[in-house]
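Undergrad: Have a look at the structure that comes next, please.
The values are calculated or read from the model by the stated rules, or taken from the named source; none is laboratory data. Because the structure is predicted, anything quoted here is derived from the model rather than measured. Note: ideal-geometry Cβ built from the backbone for every residue, glycine included; neighbour counts use all protein chains shown.
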Amino acid sequence: MTREITYSPSYTLVPTYECFNRCNYCNFRVDPGKGSLITTKQAQDQLNLLDRESVIEILILSGEVHPQSPARENWFTRIYELSKLSLQQGYLPHTNVGPLSKGEMSQLAKVNLSMGLMLEQVSQNLESTVHRYAPSKKVQLRLEQLELSGELRIPFTTGLLLGIGENQDSWWASLEAIASIWRKWGHIQEVILQPYSPQSSQDRAFDLNLLPDIVKNARQILPNQITIQIPPNLVTIPKILLACLEAGARDLGGIGPIDEVNPTYQHMPLQLLQETLQNAGWLLKPRLPIYPEYYHWLSADLQQAAFCRSAMVKTD
């Protein structure tokens, strides 16, 4: 019997790599003042190169600007413009740019089908270690963001980053926290289980052999309505990838030309990934950045955009 596993055909737009946080494991950021803000013309040029038949989601992924920074308004405006531009070009935007105010989230919800923010871990011990110089990684702030997205009825993706100094108790507590918030609002579509994957051999990677059991336990903790996602470019051993699927993972996340957060970990060619899964009894299917059960949360215009792309990929 063939079983289904989904992925999002995606392309990433980065408004800026500048970030006021300094997480000591980050492969993405540059210091404030050492980067630039993408222009709408540059973004348009990137979108013009894409194949509309093979790309559905535009992931807008950005370094963070401090909430009190004078640059915050321009940064947020550009994110809004990129979301609107993506829609105009026939793509479906999903924004993940760090914690936002209620007003900012409400505004972006007008031009995004879904949004996201990694919880990472609820271990407050990390606030004095890897997140010591990352004010927006405070546990309470990120939990509040999950609550706020629920209050605003925004279909949401969150997840755990595994192997940054936490312990197993933190894994289960983090999953329990996500489950508790979902039970209140019902808005969390997916939980990503992302193994820390360093760019240098000097850093220690997460032990992938642990991942199938984590998936199995996550499936028991999380409500069935939440899909568990694992990134195939970071789960580099096919046997472990397939074991994670057997344990309950059902989505492979966004697959595109480059993983901006982990640029040295390239995705397996899509055809080879399809064949690997098919040989083990899995059918790989594209999906939208919003799941069908959340369509009715969208405005009429966003619903129309979702229905058009849904018909093209035959996700229903």
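Undergrad: Which residues, taken from region 243-290, are under 19 Å from I60 (Cα atoms), part of a loop (DSSP other than H, G, I, E, B) and of a type in the set (A, V, I, L, M, F, W, C)?
TA: Passing the criteria: I258, V261, L288, I290.
Undergrad: Could you list, in sequence order, the residues of region 111-140 that are more than 19 Å from the chain's Cα centre (by Cα) and either over 23 Å from L161 (Cα atoms) or assigned to a helix (DSSP H, G or I) (or both)?
TA: Correct list: Q124, N125, L126, E127, S128, P135, Q140.
Undergrad: Also: Going by what's in this entry, would T227 be described as among the hydroxyl-bearing types (S, T, Y), out of contact with any Ser or Thr (no Cβ under 6 Å at 6 or more places or on another chain) and exposed (fewer than 15 other Cβ atoms within 10 Å of the Cβ)?
TA: For T227, the condition - among the hydroxyl-bearing types (S, T, Y), out of contact with any Ser or Thr (no Cβ under 6 Å at 6 or more places or on another chain) and exposed (fewer than 15 other Cβ atoms within 10 Å of the Cβ) - is not met.
Undergrad: Going through region 103-145 one residue at a time, which ones are charged (D, E, K, R) and touching a Leu at 6+ places or on another chain (Cβ under 9 Å)?
TA: K110, E120, R132, K137, R142, listed by residue number.
Undergrad: Somewhere in region 40-57, is a residue of a type in the set (A, V, I, L, M, F, W, C), surrounded by 19 or more Cβ atoms within 10 Å (Cβ to Cβ), in contact with a strand residue (DSSP E or B) (Cβ under 6 Å, 6 or more places away or on another chain) and part of a strand (DSSP E or B)?
TA: Quick first cut of region 40-57, residues of a type in the set (A, V, I, L, M, F, W, C) only: 43, 47, 49-50, 55-56.
Still in the list and also surrounded by 19 or more Cβ atoms within 10 Å (Cβ to Cβ): 43, 47, 55-56.
From what is left, the residues that are in contact with a strand residue (DSSP E or B) (Cβ under 6 Å, 6 or more places away or on another chain) are 43, 55-56.
Next, only the ones that are part of a strand (DSSP E or B) stay: none.
Within region 40-57 (the criterion being of a type in the set (A, V, I, L, M, F, W, C), surrounded by 19 or more Cβ atoms within 10 Å (Cβ to Cβ), in contact with a strand residue (DSSP E or B) (Cβ under 6 Å, 6 or more places away or on another chain) and part of a strand (DSSP E or B)), the answer is no, since none of the residues qualifies.
Undergrad: Evaluate region 233-247: report whether one residue or more is of a type in the set (A, V, I, L, M), free of Cβ contacts under 8 Å to residues at least 12 places away in the same chain and under 29 Å from L47 (Cα atoms).
TA: For region 233-247, residues of a type in the set (A, V, I, L, M), free of Cβ contacts under 8 Å to residues at least 12 places away in the same chain and under 29 Å from L47 (Cα atoms): absent.
Undergrad: Surrounded by fewer than 21 Cβ atoms within 10 Å (Cβ to Cβ) and modelled with pLDDT of 95 or more: is that true of Q202 in this structure?
TA: Values: surrounded by fewer than 21 Cβ atoms within 10 Å (Cβ to Cβ): yes; modelled with pLDDT of 95 or more: no.
When the stated conditions are applied, Q202 does not pass them.
Undergrad: Which of the residues that make up region 83-124 are small (G, A, S) and buried (at least 19 other Cβ atoms within 10 Å of the Cβ)?
TA: S83, S86, G98, A109, S114, G116, S123
Undergrad: Ok, one more. Residue check: is L302 of a type outside the set (V, I, T) and under 25 Å from L208 (Cα atoms)?
TA: no
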